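Presented below is the structure to which this report refers.
The values are calculated or read from the model by the stated rules, or taken from the named source; none is laboratory data. Please read all numbers here as calculations on a predicted model, not as lab measurements. Using ideal geometry, Cβ is built from the backbone for each residue, glycine included, and neighbour counts are taken over all protein chains shown. Surface areas here come from the heavy atoms of the whole protein model, side chains and all, with no ligands, DNA or RNA. Shrake-Rupley method; radii C 1.70, N 1.55, O 1.52, S 1.80 Å.
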Amino acid sequence: MNTALPSAMWLPFAARVLRARSDRGLTRAELARSVGVSDDKLREVERAHCRPARSLVARVETALGPEHQLMEAWAITLQAEAFPNEFADLCELGVHAQHLWEHQPVAIPVFLRVPEYSRAVIKPRLGHLGDEEVELMVDDEMEHRAAMIAPGGPGLRVVLNESVLRRPQGGVRVLNAQRRFLADLVDAGIVTIAVIPEATPDHPGLGEAFRLMEFADRPSMVYAFGARGGELTAESEQVAGCTMVRDAIEDVGVELSPDSELLTARPIDD
């Protein structure tokens, strides 16, 4: 008998079902009765312990309402599990990781940014967007940040190039606000941060940024960021290769404390 759980791809879908049921104020037993399945079966769905049939998801959506888009989410997840490079909802997937490790050589990770820094990154990169569109993207990043650093979120570990914390993206006032926020997060034990010094002669992380996500009971996954979209994989050889790069990066990283100069220095704006 095959008792292997579905991939981590199903964790966000399971959380969506649970959230939809809670929004309607239904117990699991009540919803199970209304859609014609056992309580145990619905528990499997809400814990991502099975790949639910389309017919079941359709009945659940009918019971809970179309606003939760469960059928669409189910179809996207099914496609994503077969072709993970196309999986778009990386933010929601990361929230369900037990440990999340990310290397960023150019900018602060999305889930650790202050609004001013997000704005300063988005505007130059997407100059064709209007102010309202930029603000919507900033709001999305802040919502994602709230989920990632909330109690019960993943254990967060970030390694940055030293230059990331010295570059005054958006001006020194923005850099000061961003450094202060990171110092507070480190002080609170929400995230640990290391930097790779600029003088490192054998830098092991000169490729693109990547994220390694480890789950409690599912295989690890890697997301390699790219200028025009990234690549998500759970393929064991690729995950093992990225894990080796992570270890090499950690070997040259210098740990930051809340009192580290890179987090406490406050450049003065001219």
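Tell me the residue from Val245, Val186 that is open to solvent by 30 Å² or more (accessible area, probe 1.4 Å), more than 18 Å from Ala97 (Cα to Cα) and not in a strand (DSSP E or B), please.
Working: Val186 fails: open to solvent by 30 Å² or more (accessible area, probe 1.4 Å).
Of Val245, Val186, the one residue that is open to solvent by 30 Å² or more (accessible area, probe 1.4 Å), more than 18 Å from Ala97 (Cα to Cα) and not in a strand (DSSP E or B) is Val245.
So for the stretch 22-35 (the condition being closer than 24 Å to Leu136 by Cβ and in contact (Cβ under 8 Å) with a residue 60 or more places away in the chain), does at least one residue qualify?
First, the residues of the stretch 22-35 that are closer than 24 Å to Leu136 by Cβ: 23.
After this cut, where a residue has to be in contact (Cβ under 8 Å) with a residue 60 or more places away in the chain as well, the list is none.
No, because not a single residue in the stretch 22-35 is closer than 24 Å to Leu136 by Cβ and in contact (Cβ under 8 Å) with a residue 60 or more places away in the chain.
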For this session: Among the residues of the stretch 23-47, write down those that are small (Gly, Ala, Ser), surrounded by 13 or more Cβ atoms within 10 Å (Cβ to Cβ) and within 15 Å of Gly65 (Cβ to Cβ).
Result: Ser34
Seminar exercise, completed: Here the residues within the stretch 151-160 that are at pLDDT 95 or above and open to solvent by 20 Å² or more (accessible area, probe 1.4 Å) are Gly155, Arg157
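May I ask you to say which residue of Ala209, Ala188, Ala183, Ala194 is closer than 22 Å to Pro154 by Cβ and in contact with a Gly (Cβ under 8 Å, 6 or more places away or on another chain)? Write out each step before concluding.
Working: Ala209 fails: in contact with a Gly (Cβ under 8 Å, 6 or more places away or on another chain); Ala188 fails: in contact with a Gly (Cβ under 8 Å, 6 or more places away or on another chain); Ala183 fails: in contact with a Gly (Cβ under 8 Å, 6 or more places away or on another chain).
Being closer than 22 Å to Pro154 by Cβ and in contact with a Gly (Cβ under 8 Å, 6 or more places away or on another chain) holds for just one of Ala209, Ala188, Ala183, Ala194, which is Ala194.
Taking the stretch 194-217 as the region of interest, how many residues are part of a strand (DSSP E or B) and not acidic (Asp, Glu)? Steps first, please.
Applying the first criterion (part of a strand (DSSP E or B)) to the stretch 194-217 yields 194-196, 210-214.
Within this subset, residues satisfying the condition of being not acidic (Asp, Glu) are 194-196, 210-213.
Counting residues in the stretch 194-217 that are part of a strand (DSSP E or B) and not acidic (Asp, Glu) gives 7.
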Exercise. Mind checking which residues of the stretch 1-57 are small (Gly, Ala, Ser) and within 25 Å of the chain's Cα centre (by Cα)?
Worked result: Ala4, Ser7, Ala8, Ala14, Ala15, Ala20, Ser22, Ala48
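If I ask for residues that are open to solvent by 30 Å² or more (accessible area, probe 1.4 Å) and part of a helix (DSSP H, G or I), which ones from the stretch 49-62 would you list?
Within the stretch 49-62, the subset open to solvent by 30 Å² or more (accessible area, probe 1.4 Å) is 49, 51, 53-55, 58-59, 61-62.
Across the stretch 49-62, the qualifying residues are Arg54, Ser55, Ala58, Arg59, Glu61, Thr62.
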For this session: Kindly establish whether Ala73 is hydrophobic (A, V, I, L, M, F, W, C) and outside any helix (DSSP H, G or I).
Result: no
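Collect the residues in the stretch 141-177 that are within 29 Å of Gln98 (Cα to Cα), touching a residue at least 12 places away in the same chain (Cβ under 8 Å) and part of a helix (DSSP H, G or I), keeping them in residue-number order. I'd like the intermediate steps shown before the answer.
Start the filter on the stretch 141-177 by keeping residues that are within 29 Å of Gln98 (Cα to Cα), which leaves 141-165, 177.
Cutting the leftovers down to touching a residue at least 12 places away in the same chain (Cβ under 8 Å) gives us 141-142, 144-145, 147-149, 153-165, 177.
Residues satisfying the conditions are Glu141, Met142, His144, Arg145, Ala147, Met148, Ile149, Glu162, Ser163, Val164, Leu165, Ala177.
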For this session: Restrict the check to the stretch 93-102 and report whether at least one residue is assigned to a helix (DSSP H, G or I), modelled with pLDDT of 95 or more, over 30 Å from Arg173 (Cα atoms) and open to solvent by less than 70 Å² (accessible area, probe 1.4 Å).
Result: no
For this session: Would you mind telling me which numbered condition in (1) over 23 Å from Ala194 (Cα atoms); (2) part of a helix (DSSP H, G or I); (3) of a type outside the set (Asp, Glu); (4) open to solvent by 40 Å² or more (accessible area, probe 1.4 Å) Ala80 fails?
Result: (4)
